[in-house]
């Protein structure tokens, strides 16, 4: 929350993907947002392993140099974790529980679902509108604490002041649409297909493919899985967030899969910075 | 749409809220202290003002009392009353004196001058004859207006007897 509503606030959106780091500086005032600067830093191969960052030292040095060059030290920053690295689930609990009790229930639930889990987890939860008054609908998100701690440590050393750790699919949705439209996000090394209801993400698939043909085949598979799972919610529209050169190929395959309308994202910048933009849009806390 | 923050924000928020609470308490204490100091100063100023006014009133009262005393001294009725009494008594005496003077052979004796010096009154006048003079003198002695009467001068001139005598009376 902006403590001074008549002043503008500068936020950095940081999106670290396998191929590059994307940084976006957004100036937010009461009425409008203005992108002040974008920066993209290509990452060497080997920094990521199985979708996770494994060379923290290299990332820290690269990021620190970039931050120093941009002069963004200590600016409030919002980062996003890939959705495939976090666990998001709904949980119904009796109403009237304290935050600590809710966290305890979430841990219990996680231990039941993953009996061998021994690593500590970082958890956050949000309340959803419950259908019954004595029931608390909670959406919790959990990530391995060591991974998050390493991430935060890396960013702190780089000179950024992290305020929010979001999930990239929510940032992407925030950047692309205010409605609950499904999104197909095709990146250089991987792709994501996500569907939202009014509260949260209900279907998410993330995959990596070497070739565009393989990518399209995987997309077909996941599309069919969705159609079979959510028969009562057929997709009528979809946002296609992809590089311009590949746009028509994906448009064609989507039309073949289902008779749905393809919506182009109304973005002022390239789809490449959509996640960083969505992250920077987050309202910063007072602390 | 839900908002997720995996940053340990609850602890941060708690620390921030505690800090804010401390700040609010500090500011409230500071404001209260400043307000108290201002109030104290204002009251002190008022009190000083009231003291000054009280002192001025007391001074005025003293002046008034002194003035009253002076007025009382000036218009001291006790002394003038006694003085007036004496005057009245004297006036009465003089009135009686003149009344009695008129009663006694006024047609045969006339005074040409009357003079008073302290408790002595000098009468100068004329009488037709020594017998009229003698009768008048005798009658006057009978009136006891003057405890002591002394003839200073008698002189026969043509058809009248000129006289000068003194009546001594007690001091007023």
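Each reported figure results from applying straightforward, stated rules to the coordinates on display, with no laboratory input. All of these numbers come straight from a predicted model, not from anything done at the bench. FYI the Cβ positions are ideal-geometry reconstructions off the backbone, even for glycines, and counts take in every protein chain you see.
Data for the structure
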| read-out | value |
| --- | --- |
| Within chain A, helix-based [θ] at 222 nm, where runs of 4 or more DSSP H residues each add -39,500 (n - 2.57), nearest 500 | -10000 deg cm²/dmol |
| Residues of region A:158-183 with amide N under 15 Å of the 7 Å Cα→Cβ point at residue B:15 | A:161-164 |
| Förster radius 51 Å - calculated FRET efficiency between residue B:46 and residue A:32, Cβ distance, rounded to 0.05 | 0.40 |
| Averaged over A:130-141, number of beta-carbon atoms from partner chains that fall within 10 Å | 1 |
| Highest to lowest packing among B:6-13, B:49-56, A:275-282, scored as the average C-beta count within 10 Å | A:275-282, B:6-13, B:49-56 |
| Measure of compaction for region A:178-264 (Cα Rg per 2.2 N^0.38 Å) | 1.01 |
| Sequence-separation-based contact order of region A:178-264, relative, with Cα cut under 8 Å and 6+ spacing, percent | 28 |
| Förster-model FRET efficiency, 51 Å R0, residue A:42 and residue A:135, C-beta, rounded to 0.05 | 0.55 |
| FRET efficiency, residue B:158 to residue B:73 (Cβ-Cβ, R0 56 Å, nearest 0.05) | 0.40 |
| D (Stokes-Einstein, µm²/s), Kirkwood Cα radius, region A:84-145, 1.567 mPa s at 4 °C | 107 |
| Semi-axis lengths (Å, descending) of the ellipsoid that matches the C-alpha gyration tensor of chain A | 28, 27, 21 |
| Exposure proxy ranking, count of Cβ atoms within 10 Å, fewest first, for B:30, A:254 | B:30, A:254 |
| Computed over region A:215-272, Kirkwood Rh from alpha-carbon pairs, angstrom | 12.3 |
| Sorted by Cβ neighbour density within 10 Å, fewest at the top, the residues A:173, A:40 | A:40, A:173 |
| Percentage relative contact order, chain A, counting C-alpha pairs under 8 Å, at least six apart | 22 |
| Percentage relative contact order, region A:84-145, counting C-alpha pairs under 8 Å, at least six apart | 51 |
| Helix-only [θ]222 nm of chain B, DSSP H runs n ≥ 4, -39500 (n - 2.57) each, per residue, nearest 500 | -22500 deg cm²/dmol |
| Exposure proxy ranking, count of Cβ atoms within 10 Å, fewest first, for B:20, B:121 | B:20, B:121 |
| Radius, Kirkwood style, for region A:44-143 when every pair of distinct Cα atoms is counted (Å) | 16.6 |
| Inter-label distance for residue A:61 and residue A:145, nm, one decimal - labels placed 7 Å from Cα along Cα-to-Cβ | 3.1 |
| Percent antiparallel among DSSP beta bridges (both partners in region A:178-264, rounded to 5) | 65 |
| Listed residues A:255, A:90, A:31, most fluctuating in chain A (Gaussian network, C-alpha, under 10 Å) | A:31 |
| Percent of beta bridges antiparallel (DSSP, region B:104-168, rounded to nearest 5) | 100 |
